[in-house]
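Asker: Questions regarding the structure given below will be posed in turn.
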Amino acid sequence: MPPFIVPMLLGGVAAAPSIKWTNPATHFTFSGGDKVGTFDNNASPFHLISTTSKTTGKWYAEVTATVSGGAFSVVVIGFSEPSYNSGSYLGVDSLGFGFYNGGGTITNNAFTGAETFATGDVIGIACDATAGTMWWAKNNTWLTSGNPATGANPRCTGTPGAARSVNMSFTGGTGTQTATLAATLAYAAPSGFTPW
């Protein structure tokens with residue numbers, strides 16, 4: 001009888017992401033083992049933040065924002081370093097880095113690019129925590145022809161080795177707005193990256 005061989009999946013798909021949102025968070029309710037946060041449409045910015053942060057290594061996660069029976073206003077998906085400005089939308093200061101649904105990525109209140117995302121789009125976020133570099137993908141297409149596997153064209157660069165968390169901010173909007181961290185990745189993590 002041939003030996004039993006365990007298949008290995010490349011690109012990080014084999015490992016299930018363990019990332020969760022921090023519960024409680026003001027103006028959010030939680031479900032799905034704290035992987036789903038539902039916003040109450042408050043007019044001021046409020047944040048979801050991951051329970052874990054990373055200071056070294058290469059990490060990948062997927063976030064999907066959805067809205068039903070209404071519309072998004074301002075939604076930003078990305079990362080934050082300690083002491084970021086939690087009183088405004090993600091990216092308003094130099095310690096927040098995000099992809100804005102209305103167009104482009106933002107850090108230090110400056111925008112790059114004009115890409116947008118809509119309800120149901122899978123936003124891949126990759127971070128080389130050691131180098132402080134960050135990338136975003138929409139439905140597996142990396143912004144600015146970025147390539148996390150080779151380190152090419154990061155969209156934002158923060159402080160190397162800083163404790164970096166996944167962060168998402170909502171402001172206003174109508175209907176039922178949710179933010180879901182993937183329990184199973186829709187796309188393979190970039191080569192060399194581990195599911196968060």
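The values are calculated or read from the model by the stated rules, or taken from the named source; none is laboratory data. Remember, it's a predicted structure, so these values are computed and weren't measured experimentally. Cβ placement follows ideal geometry from the backbone for every residue including glycine, while neighbour counts extend to all protein chains displayed.
Asker: Might you let me know whether the range 56-77 holds any residue that is surrounded by 18 or more Cβ atoms within 10 Å (Cβ to Cβ), aromatic (Phe, Trp, Tyr) and under 23 Å from Thr174 (Cβ atoms)?
Answerer: yes
Asker: Here are the criteria: (1) buried (at least 17 other Cβ atoms within 10 Å of the Cβ); (2) touching a residue at least 24 places away in the same chain (Cβ under 8 Å); (3) among the small types (Gly, Ala, Ser). Tell me which single one Gly192 does not satisfy.
Answerer: So Gly192 meets the others, but not (1).
Asker: Could you please give the count of residues in the range 21-38 that are β-branched (Val, Ile, Thr), surrounded by 14 or more Cβ atoms within 10 Å (Cβ to Cβ) and part of a loop (DSSP other than H, G, I, E, B)? Let's see the steps before the verdict.
Answerer: So the first thing to find is which residues in the range 21-38 are β-branched (Val, Ile, Thr), and the list is 22, 26, 29, 36, 38.
Pick out the ones that are also surrounded by 14 or more Cβ atoms within 10 Å (Cβ to Cβ) and you get 22, 36, 38.
From what is left, the residues that are part of a loop (DSSP other than H, G, I, E, B) are 22.
Residues in the range 21-38 being β-branched (Val, Ile, Thr), surrounded by 14 or more Cβ atoms within 10 Å (Cβ to Cβ) and part of a loop (DSSP other than H, G, I, E, B): 1 in total.
Asker: Mind checking which pairs have a first residue in the range 19-41 that is under 16 Å from Val74 (Cα atoms) and of a type in the set (S, T, N, Q) and a second that is modelled with pLDDT of 95 or more and part of a loop (DSSP other than H, G, I, E, B), Cβ under 6 Å, 6 or more apart or different chains?
Answerer: Asn41/Gly173
Asker: Consider only pairs whose beta carbons are under 7 Å apart and that are at least six residues apart or on different chains; among these, list those whose first residue lies in the range 70-95 and is free of Cβ contacts under 8 Å to residues at least 12 places away in the same chain and whose second residue is in a loop (DSSP other than H, G, I, E, B).
Answerer: Asn85/Val92; Asn85/Asp93
Asker: Does Ser80 meet the test of being crowded, with 22+ Cβ neighbours inside 10 Å, within 14 Å of the chain's Cα centre (by Cα) and within 27 Å of Phe193 (Cα to Cα)?
Answerer: Considered against the rule, which asks whether it is crowded, with 22+ Cβ neighbours inside 10 Å, within 14 Å of the chain's Cα centre (by Cα) and within 27 Å of Phe193 (Cα to Cα), Ser80 comes out as yes.
Asker: Count, please, the residues in the range 95-123 that happen to be buried (at least 16 other Cβ atoms within 10 Å of the Cβ), in a loop (DSSP other than H, G, I, E, B), out of contact with any Leu (no Cβ under 8 Å at 6 or more places or on another chain) and at negative phi.
Answerer: 5
Asker: Moving to a separate point now. Against the definition (touching an Asp or Glu at 6+ places or on another chain (Cβ under 8 Å) and more than 18 Å from Asn153 (Cβ to Cβ)), how does Thr38 come out, yes or no?
Answerer: no
Asker: Could you tell me whether any residue of the range 125-139 is of a type in the set (Val, Ile, Thr), over 30 Å from Gly33 (Cα atoms) and free of Cβ contacts under 8 Å to residues at least 60 places away in the same chain?
Answerer: No, every residue in the range 125-139 fails to be of a type in the set (Val, Ile, Thr), over 30 Å from Gly33 (Cα atoms) and free of Cβ contacts under 8 Å to residues at least 60 places away in the same chain.
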